[in-house]
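This report refers to the structure that appears directly beneath it.
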Amino acid sequence: GYNYEAASDTNKQTHWEIMNFKLRALGAGFKTGFGIQLDNITPDQISSVTGPTTTITSVAANGCENGQTQAVIMVTDNAHGKFGVPVRIDFTTPIADLGTSNPFITTRGDRGYEIHLMGYQPTDLVTDSLFNTLDDNSGAGVTYRDAFGYPWGMNFTQPFDFPKEKNHVRLGYPQFDTWVRSSGVNQTDWYSRSKATLDKIIIQ
């Protein structure tokens, strides 16, 4: 779960931003990390980042991850550990356009194993050779999807009741397939509790 707050002046330019995160579920046995790429913002536009809890991520003095063209903040490189401290980003000079927040997770304890939302671009540190291997079918400008159009990651505007362990999302939410096959046109509220098979989900 997440929400953002920012301080802007009368010219609608942002001086700082606070990102609040709350880990809602973590079913994977792999060591999982979580980060945010601030598309269209470069590391030198940030004066300081406070709050992330990382142990193996290489970060610059201002708190941004090293080796990146865009500003990347690794919130945690081990979500099984401490996770939930607000992340504050102070900008070197006020920012007129914050651009797009591009959240992603890393997995298997490997920084290069990135999973983004469908259509979003990876960071500079991704392992490019993973694209179009196994079930991945990224291409033609659309990343992080499989051959059937299923996304590797999803973002919800409301709390989401996760399927129970070992239950595919389509078992908990029968309209999920319709939404995917229509490229997001039909059954746009497939994830609402009213559309769920209640004995297949964990009601939060």
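Which is farthest toward the positive dipole end of region 35-136 among M118, G99, V59, measuring Cα position about the Cα centre, with Cβ charges +1 (Lys, Arg) and -1 (Asp, Glu)?
Going by the charge dipole, the pick is V59.
Just want to confirm a number: the relative contact order over the chain, from Cα pairs under 8 angstrom separated by 6+ residues, in percent. Don't skip to the end; give the middle numbers.
Details: 410 pairs, mean separation 34.9, N = 204.
It rounds to 17 percent for the chain.
What percentages make up the Cα-Cα pair-distance distribution of region 159-204 when the bins are 5 Å wide from 0?
In order of increasing distance, the bins hold 5, 28, 31, 21, 12, 3 percent.
Taking amide H positions as placed 1.01 Å from N in the peptide plane, with prolines and chain starts having none, which residues 5 or more places from I201, or on another chain, fall under 5 Å of its amide H?
K164
Treat every Asp and Glu Cβ in the chain as -1 and every Lys and Arg Cβ as +1, leave all other atoms uncharged, and give the resulting dipole magnitude about the Cα centre to the nearest 20 debye.
Details: 16 positive and 21 negative charges, 165 e Å.
Using only the charged Cβ atoms, the result is roughly 800 debye.
If Rh is defined by the Kirkwood formula over all Cα pairs and Rg also comes from Cα, what ratio Rg/Rh do you get for region 129-199?
On the way: Rg = 13.3 Å, Rh = 13.3 Å.
Ratio of gyration radius to Kirkwood radius for region 129-199: 1.00.
Using mean Cβ contacts within 10 Å as the protection proxy, how do 30-37, 100-107, 194-201, 153-160 order, highest first? Each step should come with its number before you reach the end.
Numbers: 30-37: 21.1, 100-107: 18.4, 194-201: 13.8, 153-160: 11.6.
Packing order, densest peptide first, comes out as 30-37, 100-107, 194-201, 153-160.
Highest mean first, what order results for 162-175, 1-14 on Cβ atoms within 10 Å? Before the final figure, lay out each step's value.
Numbers: 162-175: 15.3, 1-14: 11.8.
Result, highest mean first: 162-175, 1-14.
Expressed as a whole percentage, what fraction of the accessible surface of the chain belongs to carbon and sulfur atoms when a 1.4 Å probe is rolled over the protein heavy atoms? Before the final figure, lay out the partial values.
Values: 5850 of 11340 Å².
Of the solvent-accessible surface of the chain, carbon and sulfur hold 52 percent.
Whole percent per 10 Å bin, from 0 to the bin with the longest distance: what is P(r) over all C-alpha pairs of region 1-54?
Pair shares across the bins are 15, 46, 27, 10, 2.
By how many nm would the segment from L130 to L198 lengthen if fully extended, with 0.36 nm per residue of separation less the alpha-carbon distance? It would help to have the intermediate numbers written out before the result.
Values: separation 68, 0.36 × 68 = 24.48 nm, distance 3.57 nm.
Working it through step by step, the gained length comes to 20.9 nm.
I89: net charge of surrounding residues, Cβ under 12 Å, Lys/Arg +1, Asp/Glu -1, itself excluded?
Working: positive: R88; negative: E5, E17, D90.
Taking every other residue near I89 into account, the sum is -2.
Give me Rg/Rg_expected for the chain, where Rg uses Cα atoms only and Rg_expected = 2.2 N^0.38 Å with N residues. Could you put the intermediate results ahead of the total?
On the way: Rg = 18.0 Å, N = 204, 2.2 N^0.38 = 16.6 Å.
Relative to the 2.2 N^0.38 Å estimate, the chain comes out at 1.08.
So how much slack lies between A6 and H80, counting 0.36 nm per residue of separation and subtracting their Cα-Cα distance, in nm? Provide the component values of the computation, followed by the final result.
Working: separation 74, 0.36 × 74 = 26.64 nm, distance 2.80 nm.
Here the segment from A6 to H80 would lengthen by 23.8 nm.
Simple spin-label model, 7 Å along Cα-to-Cβ: R24 to T42 in nm?
For R24 paired with T42, the spin-label model returns 3.6 nm.
From the mean inverse distance of alpha carbon pairs (Kirkwood) and the Cα radius of gyration, derive Rg over Rh for region 86-172.
On the way: Rg = 15.8 Å, Rh = 15.5 Å.
Rounded to two decimals, Rg/Rh equals 1.02.
With a 1.4 Å probe and all protein chains left in place, how much accessible area per residue does the chain have, in Å²?
On the way: 11340 Å² over 204 residues.
Spelled out: the 1.4 Å probe surface of the chain, per residue, equals 56 Å².
The values are calculated or read from the model by the stated rules, or taken from the named source; none is laboratory data. From a predicted model like this one, the values you see are computed outputs, not experimental measurements. Glycine gets a Cβ as well: all are built from the backbone with ideal geometry, and neighbour counts include every protein chain shown. Just the protein is used for accessible areas: all its heavy atoms, side chains included, with ligands, DNA and RNA removed. Shrake-Rupley method; radii C 1.70, N 1.55, O 1.52, S 1.80 Å.
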